[in-house]
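Q: Handing you this structure, nothing more for now.
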Amino acid sequence: MWVWFAKLGSPRWFYELSGKWLPWLYAAMTLLMLVGLTWALLFVPEDYQQGHTIRIMYVHVPVASISLACFPLMAVAGAITLVWKMKLADMVAKCVAPIGLWFTGLALATGAIWGQPIWGTWWAWDARLTSMLIQFFLFVGVIALRSAIESTDAAAKACAVLAIVGAINVPIIKYSVEWWNTLHQPASSISFDSAAPNPPEVWVPLLIMIGAVYLLFIISLILRTRNEILIRERRSQWVTDLITRSQS
Amino acid sequence: MPTLQFSSLSEFVQMGTYSFHVWVVYLLFVLFVGYNLILPGVQRKQFIRQQKRRVARDAELATQAASRQGLNNRSAE
Amino acid sequence: MKSHRKKTLGIILFIAAGLSVAIGLSLYALSSNIDLFYTPTQVAAGEVTPGQRIRVGGMVKEGSVKHSEEQLQVNFITTDYAHDVDVQYSGILPDLFREGQGIVAEGSMTPEGQFVASRVLAKHDENYMSVEVKAAMDAAERQRVMGQIQEQGQSQGNYQ
């Protein structure tokens, strides 16, 4: 167990293993993305209230829900950095932040485009929307903090603390629609009955899109982390060898 | 079973009255996917190119230093 | 520990503490006023002072929507099925605005108890389904209600 844990913390081991995973992850993502997008755009029935704007849900919901996974992931990686000083954990924490920022930004943007015709406004100071905006600024804060501190170790510690503190916002975002009267509707409960609200025709393609976007997130995180490994380990023999061997 | 919701291409493009909203969201999503997959590759290539240049420059500096060292040694003789 | 390290550690702790205090304070400030809207029951209970800018959320009462012919003005009643609020609004309504729809109106109460809205937003629930499924569900609901009425009629008939 401890051997495995120590091995996992080795950037070189992660670099080599993730290189083997990537083609499979790419294949799975492409498949799910093609099926999900085709289904969402062509086969999902028009909603009785919202018409074709329901198709926006198949982008908005996966992106928004995966943006909520970023802060907890960054907080766990930060805790590992603080306790075990594992180098890889901090590299992952560093690479999650910009991805989380983009996911949160896209969730806010698609939500605004959806809200404009349906609610009659692209923005409201509603608990769900406001807490999501706070998450956006927390990501900006983490990225700014990292770039403000020169020493890699000190930056790692500072960002770890901020990630752990900022993760409090995630349950607030999640439950905001239940705790307060909001313009944003609460989470839907799915039904297996085709003749009931939220039938499989609506949620199966959504599940496929969530899977596809999750894979996109994982691939993007792996790619960025591999770059970070090369940069931080550039003086080690294995990276020098890798660079002299590479084509470009 | 899911059935096709559109009978013509123009109907598909129009999306009821929501062509602008639906298509802007999907355009943003495609750009987002592309950005997330392509950017790390570009950064990787940049880094490798920069490292290769650095290695080459270091090697050159080393040979220069070595030849200067050789000249100095000779002049001292 | 070297002095420059102490300094960076100080900066870090300052930023972390500052950010958590800022978040904590903003959440505390929001907690009293984070509800997006008042319900008609809260309005009826006198929780709202006239002139204060607020939002009221409820359903558009069936048969209450009256469009004025000259301007874009519209009058309707919003209800939570316990109390009603009379709303006056002139402007563009969202696509989803219709009788029986959930809405949030932004504006203020007049001393006479009418709500003058400057903006009307539509609120929808978390149920997504096709037009056909909705129609089938409505038909089933109608049938159920009709059945109840007939049953009542029969039981009343038995008494006679």
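Q: Please turn the phi angles of the stretch A:140-145 into ³J(HN,Hα) values with the Karplus equation 6.51 cos²θ - 1.76 cosθ + 1.60 (θ = phi - 60°), one per residue in order, whole Hz, x for glycine and proline.
A: 4, x, 4, 5, 5, 4
Q: If one computes the Cα centroid of the stretch A:60-122 and of the stretch A:186-248, what distance in Å separates the two points?
A: Each part's Cα centre sits 12 Å from the other's.
Q: Of A:MET209, A:VAL239, C:THR49, which is farthest towards the positive pole of the protein assembly as shown's charge dipole, taken about the Cα centre with +1 and -1 on the beta-carbons of Lys, Arg and Asp, Glu respectively?
A: Going by the charge dipole, the pick is A:VAL239.
Q: Something else: Starting from the stretch C:36-105, pick out the chymotrypsin sites (Phe, Trp or Tyr not before Pro) whose DSSP state is loop and whose Cβ has at most 12 other Cβ atoms within 10 Å. Numbers along the way, then the final one.
A: Working: sites: C:PHE37, C:TYR38, C:PHE76, C:TYR81, C:TYR89, C:PHE97; in loops: C:PHE37, C:TYR81, C:PHE97.
Listed in order of number, the matching sites are C:TYR81.
Q: What whole-number distance in Å separates the alpha-carbon centres of the stretch B:44-72 and the stretch B:1-40?
A: If you average the Cα positions of each part, the centres end up 51 Å apart.
Q: At 7 Å along the Cα-to-beta-carbon direction for both A:LEU25 and A:THR38, put a label point, then send me their distance in nm to one decimal.
A: Those two pseudo-labels are separated by 2.5 nm.
Q: How would chain B be classified by its alpha-carbon gyration tensor: rounded, prolate or oblate, with rounded meaning a/c under 1.5 and the a/b versus b/c comparison settling the rest? Can you show the working numbers first?
A: Values: a/c = 8.85, a/b = 6.44, b/c = 1.37.
Prolate is the answer for chain B, as a/c is 1.5 or above and a/b outweighs b/c.
Q: Students often check this: by mean Cβ neighbours within 10 Å, which of B:5-14, A:71-80, C:118-127 ranks highest, and how do the rest follow?
A: Details: B:5-14: 11.8, A:71-80: 21.6, C:118-127: 18.8.
Highest mean packing first, the order is A:71-80, C:118-127, B:5-14.
Q: Could you give the longest part of chain A that holds none of the chymotrypsin sites (Phe, Trp or Tyr not before Pro) found in DSSP loops with at most 15 neighbouring Cβ atoms within 10 Å?
A: Details: sites that count: A:TRP122, A:TRP123, A:TRP125, A:PHE192.
It runs A:1-121.
Q: Now, a different point. Using 30 Å as the Cα-Cα cut-off, could you pick out the over-long pairs in B:LYS45/C:LYS6; C:LYS66/C:LYS123; A:LYS87/B:LYS45? List each step's numbers first, then the result.
A: Working: B:LYS45/C:LYS6 38 Å; C:LYS66/C:LYS123 20 Å; A:LYS87/B:LYS45 23 Å.
Result: B:LYS45/C:LYS6 exceed 30 Å.
Q: Where does the stretch C:36-153 land on Rg(C-alpha)/(2.2 N^0.38 Å)?
A: Details: Rg = 16.7 Å, N = 118, 2.2 N^0.38 = 13.5 Å.
Normalised Cα radius of gyration, the stretch C:36-153: 1.24.
Q: Let me ask another. Mind checking the alpha-carbon convex hull of chain A and giving the volume per residue in Å³? Before the final figure, lay out the partial values.
A: Numbers: hull volume 40.8 nm³, N = 248.
Convex hull of Cα atoms, per residue: 164 Å³.
Q: What FRET efficiency do you get for C:GLU112 and B:VAL13 if R0 is 60 Å and r is their Cβ-Cβ distance, rounded to the nearest 0.05? Before the final figure, lay out each step's value.
A: Working: r = 50 Å, r/R0 = 0.83.
Efficiency, rounded to the nearest 0.05: 0.75.
Q: Shifting gears a bit: Within the stretch A:10-109, list the trypsin sites (Lys or Arg not before Pro) lying in a DSSP loop whose Cβ has at most 15 other Cβ atoms in a 10 Å radius.
A: Working: sites: A:ARG12, A:LYS20, A:ARG55, A:LYS85, A:LYS87, A:LYS94; in loops: A:LYS85.
Here the sparse-neighbourhood loop sites are A:LYS85.
Q: Ignore the peptide's own chain and count Cβ atoms of other chains within 10 Å of each Cβ in B:27-37; give me the average, rounded. Write out the running numbers ahead of the final one.
A: Values: counts 0, 7, 12, 2, 1, 10, 7, 0, 2, 12, 6.
Per residue, the number of nearby Cβ atoms from other chains is 5 on average.
Q: Follow-up. Rounded to the nearest 500, what is the 222 nm mean residue ellipticity of the protein assembly as shown from helices alone, with -39500 (n - 2.57) per DSSP H run of 4+ residues and division by all residues?
A: On the way: 14 runs with 317 residues, N = 485.
Calculated at 222 nm, the ellipticity per residue is -23000 deg cm²/dmol.
Q: Okay, moving on. Using only alpha carbon positions, build the gyration tensor of the protein assembly as shown, then give the equivalent ellipsoid semi-axes as the square roots of 5 times its eigenvalues, largest first, whole angstrom. Spell out each step's value before the answer.
A: Values: eigenvalues 634, 159, 83 Å².
In descending order, the three semi-axes are 56, 28, 20 Å.
Quick note: the coordinates plus some simple rules give every number you see, no bench work behind them. Quantities reported herein were computed from a predicted structural model and do not represent experimental measurements. A quick note on method: Cβ atoms are made from the backbone with ideal geometry, for glycine too, and the neighbour counts reach across all protein chains shown.
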